[in-house]
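What follows is a short report on a single structure.
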Amino acid sequence: MTVVIEGAHVVTVSGAEFPDGHVVVQGNRITAVGPGPAHPRDVEQGGERGVETVVDGRGCLLTPGFVNTHNHLYQWVTRGLAVDSTLFEWLTTLYPVWAGIDSDAVHTAASGALARLARTGCTTSSDHHYVFPREGGDVFAAEIRAARDVGLRFHPCRGSMDLGRRDGGLPPDHVVEDREAVLLASEEAIDRWHDPAPESMLRVALAPCSPFSVTGGLMRDSAELARRRGVGLHTHLAETINEEEFCRERFGCSPLEYVEGLGWTGDDVWFAHAVHLDDAAVRRIGDTATGVAHCPSSNGRLGAGIARTRDLRDAGARVGLGVDGAASNEAGSMLEEARHALLFARAVGGPGALTVRDALELATAGGAAVLGRGDEIGSITPGKLADLALWRLDGLAHADIADPVAALVLGSPPPLELLLVNGRPIVERDRVLTVDEDALARACTAVHRTLLSKAG
């Protein structure tokens, strides 16, 4: 199938912008980008003009699809709880609720969260799933099935916790796993699901939860397993002052120093949050090309602080955006993360801390680099995969905003005219095509009520 989008303001993120431009997609690849209408030679197939779909992009902004580098999809059905709590208070409130999840609940929650992500321009999402109730069934498979149902490119992270309260950790003992069981399940997840091939729609990473919920032995073993199998590594790090205090009291060092001693820096590693870093830590993350999933909305909601996004980028770190779990960011919107990343950076660093195009880059090419997909997605470049978002900006809310990128990042959320993932339409005219949103909303409500009743 060939799709030609014409007349849009095209922001490639790789440097060029075309105020009245075109993009040609053939199959799942971008084959041409440029100013004005597409040339017939750019859409020829077998010697004939084989155009099947021409999209009128007048009044629209075309960007790469957004890349979500950190989430907890199961939390979509546990929103609105502990809304005025610190991170540790919030976790202790929510763990009893999360202990009741099962594969059906996770499939419903992940479907809802991913559908909402699609509506906010997201074409690729990671997920960090670390709660595996003993009677919950195959919850990891459930979220993978949800991603296939919705149609997003997916990087599920097989999480883990083995440091329960009886051993000085934060999680309740009944939600932690045995280290050997975790390693076995992690390898099985790679064997069953990971697709390293080009154009992959599904890649697995390993993701022990955090320094206060995972033993050093599991962190080290997971790093060794991931590198032996060629998959990425992900964990929470330096999210709060409490975590800093925990690591210094328990390990005698900062969170970054602790995990680096266990093998957790490098271009195959990315940290969620990375809020509380001193200058030396920022430099070290940059020097090792380690990635950071910046989650401004969640950090603000929990009062955790503001990450040093500008400093991390300047130091050479790979930085993208993450919505985090919906229990600490009820919106679950990638568009809001771009806006908040910009506003929070400027709140502490002045108007030059980030530009509107920096914010768009964080949401697209930055996230692609964090997930190790920078050569395939994240910019509108011939040869890359056709993951594209077409935003309508000719309505009352946006029509007279001079800069269309500012309209997207700083204005109210615009309608999403079209979302392509791997060349396939997933959203059209602000409606998800692959799932019944109304039925899904009812299912999410039912699961939410069931989980609350289980928790007592």
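The values are calculated or read from the model by the stated rules, or taken from the named source; none is laboratory data. It should be emphasised that the depicted structure is a prediction, and the values quoted were computed from it without experimental measurement. All Cβ positions, glycine included, derive from the backbone under ideal geometry; neighbour counts span all protein chains shown.
Being of a type outside the set (S, T, N, Q) and closer than 17 Å to residue 341 by Cβ: is that true of residue 410 here? Explain how you work it out, then say what you get.
Values: of a type outside the set (S, T, N, Q): yes; closer than 17 Å to residue 341 by Cβ: yes.
Taking the combined requirement at face value, the residue satisfies it.
Considered as a group, the residues in the range 148-164 that are surrounded by fewer than 24 Cβ atoms within 10 Å (Cβ to Cβ) and not in a loop (DSSP other than H, G, I, E, B) include one that is farthest from the chain's Cα centre (by Cα), and that residue is 149. Restricting 58, 41 to those that are in contact with a strand residue (DSSP E or B) (Cβ under 6 Å, 6 or more places away or on another chain), over 22 Å from residue 452 (Cβ atoms), surrounded by fewer than 23 Cβ atoms within 10 Å (Cβ to Cβ) and among the charged types (D, E, K, R) reduces the list to 58.
Taking the conditions exactly as written (over 18 Å from residue 274 (Cβ atoms), of a type in the set (Val, Ile, Thr), touching a Pro at 6+ places or on another chain (Cβ under 7 Å) and surrounded by 14 or more Cβ atoms within 10 Å (Cβ to Cβ)), does residue 231 satisfy them or not? When the stated conditions are applied, residue 231 does not pass them. Per this entry, residue 115 is not counted among residues that are without any contact (Cβ under 8 Å) to a residue 40 or more places away in the chain, assigned to a helix (DSSP H, G or I) and crowded, with 24+ Cβ neighbours inside 10 Å. When 284, 203 are screened for being under 18 Å from residue 370 (Cβ atoms), charged (D, E, K, R), crowded, with 20+ Cβ neighbours inside 10 Å and in contact with an Asp or Glu (Cβ under 9 Å, 6 or more places away or on another chain), only 203 passes. Being surrounded by fewer than 21 Cβ atoms within 10 Å (Cβ to Cβ) and on the phi > 0 side of the Ramachandran plot is the filter; apply it to the range 234-269 and report the residue that is nearest to the chain's Cα centre (by Cα). My answer is 266. Is one or more of the residues making up the range 73-95 surrounded by 24 or more Cβ atoms within 10 Å (Cβ to Cβ) and in a loop (DSSP other than H, G, I, E, B)? No, there is no match, as no residue in the range 73-95 is surrounded by 24 or more Cβ atoms within 10 Å (Cβ to Cβ) and in a loop (DSSP other than H, G, I, E, B).
At least 2 residues being of a type in the set (Val, Ile, Thr) and surrounded by 15 or more Cβ atoms within 10 Å (Cβ to Cβ) is the threshold, and among the strands (runs of 3 or more DSSP E) wholly inside the range 387-437 those reaching it are 424-428.
Contact annotation: residue pairs with Cβ atoms under 6 Å, 6 or more positions apart or on different chains, pairing a residue in the range 172-185 that is in the same structural domain as residue 97 (by TED's automatic domain parsing) with a partner that is crowded, with 18+ Cβ neighbours inside 10 Å and acidic (Asp, Glu), are 176/162; 177/162; 179/162; 183/221. The residue pairs whose first member lies in the range 88-106 and is within 23 Å of residue 443 (Cα to Cα) and not assigned by TED's automatic domain parsing to the domain that holds residue 245, whose second member is of a type in the set (S, T, N, Q) and part of a helix (DSSP H, G or I), and whose beta carbons are closer than 6 Å, counting only pairs six or more residues apart or on different chains, do not exist in this structure.
Take the conditions buried (at least 19 other Cβ atoms within 10 Å of the Cβ), out of contact with any helix residue (DSSP H, G or I) (no Cβ under 7 Å at 6 or more places or on another chain) and either more than 18 Å from residue 170 (Cα to Cα) or acidic (Asp, Glu) (or both) and apply them to residue 273. Does it pass? So that I can check it myself, show each step before the final result.
Numbers: buried (at least 19 other Cβ atoms within 10 Å of the Cβ): yes; out of contact with any helix residue (DSSP H, G or I) (no Cβ under 7 Å at 6 or more places or on another chain): no; either more than 18 Å from residue 170 (Cα to Cα) or acidic (Asp, Glu) (or both): yes.
Answer is no for this residue.
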